[in-house]
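Q: Quick one: the structure is below, and I'll ask about it shortly.
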Amino acid sequence: MKPIVLTAEQRRQIERRRKETLDRRVYQRLTAVLTVAEGKSRGEVAHLLGIGLTQLGEWLRVYRNHGLAALCSLHYQGDPGKLSGRQVDQLKEKVSTGCFRNSAQIRQWLQDTFGVSYTPSGVKDLLRRVGVSYHKVTGFLWKADPVKQVEFVRKHERQKAQARRAGATTRRYYVDACHPLWGLDLVFSCWLLVGQRFLVGMGSGRKRLNILGAYCPDDQEYLDLRLTRDNINGEQFVNLLRLLRERHPEVKKFILYLDNAA
């Protein structure tokens, strides 16, 4: 039996590859080469890894004759499963619409669409295997414009730098009215593709208590007007400006970030 002799660079490459791999089978192969190269007997290494001497000898032969890349290549593809590649693509496309709230609905869809039956645990294994996970959708304000939001962030960063240079003569505030929220029940969980964000529009509502607040992101100051009878209107906005001026008479410039309320 030919010995395995590694240079310092080869050992570093194998150790780095072993550290990065997430596959137990590849980890075992790399460990086998390293351990044999350290002088352990093949019997000891096979016992350590829980494999046979024939399997160990095959791994060492592959590394000796074909190199590290061949040793880390796994040619076993596993059971092709009950669905064809085209059917898997159809399933993933359907999942991406966010229409499945639970795996039972997916089982029924597979049965109705392809005539294929899965057990409750089997369909979950299938979903994980094809890159589908169960998580909460992302709520967003339905009027939001992604392009304008990017433009706003850029402008915000410029004004932030300007305010920092101006010191105490310039203050920035986020200003908005606050009302009890309606629509949180629309945020739910469903099956989606791994890494996918599924946006669900949320409405808004009004309650008796109305709050018009201003928050400074630079020093976390917060102040507001709390109204139990009046609505938020132009007059109340002016009152908030008066409150800001009274609190900071030395300021020459206020930068206010507002939404598109009338």
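Q: Ignoring ligands, DNA and RNA, how do Asp259, Asp224 rank by accessible area with a 1.4 Å probe, largest first? Before the final figure, lay out the partial values.
A: Numbers: Asp259 80, Asp224 35 Å².
The ranking, largest first, comes out as Asp259, Asp224.
Q: Find the relative contact order for the chain and round it to a whole percent, using C-alpha pairs within less than 8 Å whose residues are 6+ positions apart.
A: With pairs under 8 Å counted, the relative contact order is 16 percent.
Q: Can you tell me which aspartates and glutamates have their Cα less than 19 Å from the Cα of Lys124? Leave out same-chain residues fewer than eight positions away.
A: Leaving aside aspartates and glutamates fewer than 8 places away in the same chain, those within reach of Lys124 are Asp79, Asp89, Glu93, Asp112.
Q: Considering only protein heavy atoms and a probe of 1.4 Å, how much of the accessible area of the chain is carbon and sulfur, as a whole percent? It would help to have the intermediate numbers written out before the result.
A: On the way: 9200 of 17610 Å².
Within the chain, the accessible surface is 52 percent carbon and sulfur.
Q: Show me the chymotrypsin sites (Phe, Trp or Tyr not before Pro) within the range 1-84 that DSSP assigns to loop and that have at most 12 other Cβ atoms within 10 Å of their Cβ.
A: On the way: sites: Tyr27, Trp59, Tyr63, Tyr76; in loops: Tyr76.
Qualifying residues, ordered by number: Tyr76.
Q: Quick check on my link table: of Lys19/Lys82; Lys155/Lys252; Lys19/Lys94; Lys19/Lys40; Lys136/Lys160; Lys148/Lys252, which ones sit more than 25 Å apart, alpha carbon to alpha carbon? Present the calculation step by step, with values, prior to reporting the outcome.
A: Numbers: Lys19/Lys82 34 Å; Lys155/Lys252 20 Å; Lys19/Lys94 37 Å; Lys19/Lys40 21 Å; Lys136/Lys160 33 Å; Lys148/Lys252 28 Å.
Over 25 Å apart, Cα to Cα: Lys19/Lys82; Lys19/Lys94; Lys136/Lys160; Lys148/Lys252.
Q: Quick one: angle between helix 146-166 and the longest Cα principal axis of the chain, in degrees between 0 and 90, rounded to 10, please.
A: 70 degrees
Q: Only loop residues by DSSP count here, and only those with at most 13 other Cβ atoms within 10 Å; note down the GluC sites (Glu not before Pro) in the range 1-77 that meet that.
A: Working: sites: Glu9, Glu15, Glu20, Glu38, Glu44, Glu58; in loops: Glu38.
Sparse-neighbourhood loop GluC sites (Glu not before Pro): Glu38.
Q: Just Gly43, Gly85, Gly234 to compare: in a GNM of the chain, with alpha carbon springs under 10 Å, which one fluctuates most?
A: It is Gly43.
Q: To continue, here is another question. Return the percentage of antiparallel bridges among DSSP beta bridges fully within the chain, rounded to the nearest 5 %. Display every interim value, and only then the final one.
A: Working: 16 of 25 bridges.
Of those bridges, close to 65 percent are antiparallel.
Q: Please report, to one decimal in angstroms, the Kirkwood hydrodynamic radius of the range 1-151 built from all distinct Cα-Cα pairs.
A: Values: mean 1/r = 0.0506 Å⁻¹.
For the range 1-151, inverting the mean 1/r across all distinct Cα pairs yields 19.8 Å.
Q: Separate question: What is the Cα radius of gyration of the range 23-68 over 2.2 N^0.38 Å, N being its residue count?
A: Working: Rg = 9.6 Å, N = 46, 2.2 N^0.38 = 9.4 Å.
That ratio works out to 1.01.
Q: How big is the Cα convex hull of the chain in projection, averaged over all directions, in nm²? Mind dumping the intermediate values first?
A: Values: hull surface 98.9 nm².
Dividing the Cα hull surface by four gives the mean projection, 24.7 nm².
Q: Over the Cα atoms of the range 91-168, what radius of gyration and what Dmax do you get, in Å?
A: Answer for the range 91-168, Rg first and Dmax second: 22.3, 70 Å.
Q: What is the sum of charges, Lys and Arg at +1 and Asp and Glu at -1, for the other residues whose Cβ falls under 12 Å from the Cβ of Thr119? It would help to have the intermediate numbers written out before the result.
A: On the way: positive: Lys82, Arg107, Lys124; negative: Asp125.
Cβ neighbours under 12 Å give a net charge of +2.
Q: Now, a different point. Scan the chain and report its longest stretch carrying no trypsin sites (Lys or Arg not before Pro) that are both in a DSSP loop and have at most 11 other Cβ atoms within 10 Å.
A: 1-142
Q: Round to the nearest 10 and report in Å² the accessible area of Tyr222, as given by a 1.4 Å probe over the protein chains' heavy atoms.
A: My reading of the accessible area for Tyr222 is about 110 Å².
The values are calculated or read from the model by the stated rules, or taken from the named source; none is laboratory data. Computed from a predicted model, the values in this text were never measured in an experiment. Here Cβ is always computed from backbone atoms with ideal geometry, including for glycine, and neighbour counts include all displayed protein chains. Ligands, DNA and RNA are stripped out before the accessible areas are found, and what is left, the full protein with its side chains, is counted by its heavy atoms. Shrake-Rupley method; radii C 1.70, N 1.55, O 1.52, S 1.80 Å.
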